[in-house]
1. Which of the lysines could be linked to LYS143 by a straight reach, that is with a Cα gap under 28 Å, when you skip same-chain ones fewer than 8 residues away?
2. Which far-off residues, 5 or more places away or on another chain, put their amide H under 5 Å from the one on LEU331, with H placed in the peptide plane?
3. With a 1.4 Å probe and all protein chains kept in place, how do MET62, MET125 rank by accessible area, largest first?
4. List, in order, the whole-Hz ³J(HN,Hα) value for each residue of region 272-283 obtained from phi through the Karplus relation with A = 6.51, B = -1.76, C = 1.60 and θ = phi - 60°; use x for Gly and Pro.
5. Under 5 Å between amide H atoms, partner at least 5 residues away or on a different chain: which partners does ILE45 have, H built in plane at 1.01 Å?
6. Please list, by residue number, everything in region 144-179 whose backbone N is under 19 Å from a paramagnetic label point 7 Å out along Cα→Cβ of SER209.
7. List the relative contact order of region 184-226 as a percent without decimals, with contacts defined as Cα pairs under 8 Å and 6+ residues apart.
8. Given the -39500 (n - 2.57) contribution per DSSP H run of 4+ residues, what per-residue ellipticity at 222 nm results for the chain, rounded to the nearest 500 deg cm²/dmol?
Amino acid sequence: MSDYKTISATQIADDVREGRGSAVDFTSKALKLAATEGRELNAFITLCEEKALRQAAAIDQMSPELRAKLPLAGVPIALKDNISYTDYPMTCGSHILDGYIPPFDATVVTRLIEAGAVIIGKTNMDEFAMGSSNENSYFGPVKNPVDRSRAPGGSSGGSAAVVAQGIVPLSLGSETGGSVRQPAAFCGLFGLKPTYGAVSRFGLTAFASSTDQISPFARSAEDLALLYRVVAGWDENDSTSVAYDHPDYASVLELDRKLKIGLPKEYFAEGIDADVAATIDRARQALESAGHTISDVSLPLTNKAIPTYYVIASAEASANLARFDGVRYGLRESNDRSLEAMYSDTRESGFGPEVKRRIMLGTYALSSGYYDAYYNKASQVRELMRQEFEQSFKSVDLLLSPTSPTPAFKLGEKIDDPLAMYLSDVYTAPASLAGVPAISIPYGESSDGLPIGVQCIAASFGESLLFQIANHLVPRA
Ligand code: GLN
């Protein structure tokens, strides 16, 4: 059976709009692949077969005039299982949401459906989006399609795997500190972390609200731009969403000027894999020979990113996860001793070890007496990091760096060492804390055939430039 490695979302939408292809056929193929190859990879938690086929049939039956207006007509897509979609369970990769079915659609879901996309399933993920390998899921790890003994990255590992395997051409994940860029790098895909506030968080289960962003995966810069245009934009249901006049990104992919690009020297410190460093060097040479100017820049606070991120993200998570108490959502451990005991028994059996670790860390960082020393201090460092980025974008258009210090590591390799796992976010957490957009671009392979990603970071609302540089480095075949 052929898959979606060769047919792009752009082509599918064209075919369906012009009546050359049927949405039902495209959807059925994706569902079949999901049930076979998707299962082997453990990439899906739920398949949304019935609604998907109904949506697809409605698109096929539309008048050609109406169908012509759908930017994603008949394109099968998968959603990370922390995005609300009615009629199907939402687990967030956790046991604590057992039996929970969201009563409303996330804003991105409404926009996808209005654009003609067909949601075929909900993907596996690290529990509540905490992790860098997808091994923290209650539903077990996802396998990396490139090498099944390796992690697909996390926390949006399922959403990356289903696009890398060609089950769907597009998917949505979520980013808090790198959870789309890092899996994109591990699986050989394009992944964008948008400017904070560009995409509505309404219907995204909160992890660290001040950095969370729903974020797209695709196999080309063009498809990524197409999907991003559909989901981005102001939303009255999200008070942190920003009104911005988004261009039609996919139609302005040509880079029409020479850029000034900065290489932050702190991103090439100890711990970087030799193949990753060599890949960045190749990207640098390609850009220089295309006439762009590359210079060294310094972002001295980079080495504070991991402690800052883990204090802030855990503090926000401890507050956000307080709502899962056995009363309002999912699992309830019945306990006739007391209400207090019911809460604690539910949380004891419902949450996995990494989530508990973060809740404890976050509660401690927010407790009176420690708030100033930890949470406040981290917030101050974060603001300085934001200013550091702002300053650097006065002299360069983009920053170029690795996405991850290493290619995909083995499943099991880091699971017993949380600090080693946290360090894999060293290049992605800074842009998350600063709120600026960043993209991971698949750029070659390691000596043993594993994908390597290069990251470009832009100033706020510089997404157009990110799609252009991605398309420039890896033009569509
Ligand atoms: N790996 C990071 C963490 O565990 C990032 C997660 C994310 O972006 N959702 O917190």
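1. Hits, sequence-local ones excluded: LYS5, LYS29, LYS32, LYS51, LYS80, LYS122, LYS193, LYS356, LYS410, LYS414.
2. The list, which skips near neighbours in sequence, is LEU97, ASP98.
3. On the way: MET62 60, MET125 0 Å².
Ranked list, largest accessible area first: MET62, MET125.
4. 7, 5, 5, 5, 5, 4, 5, 5, 5, 4, 5, 4
5. Residues meeting the amide H criterion: LYS122, THR123, ASN124.
6. 174-177
7. 47
8. Values: 16 runs with 168 residues, N = 477.
About -10500 deg cm²/dmol.
The values are calculated or read from the model by the stated rules, or taken from the named source; none is laboratory data. These numbers were taken from a predicted model, which means no experiment stands behind them. Here the Cβ is made from the backbone with ideal geometry for all residues, glycine too, and neighbour counts use every protein chain on show. Just so you know, the surface numbers come from the protein's heavy atoms only, side chains and all, with ligands and any DNA or RNA stripped out. Shrake-Rupley method; radii C 1.70, N 1.55, O 1.52, S 1.80 Å.
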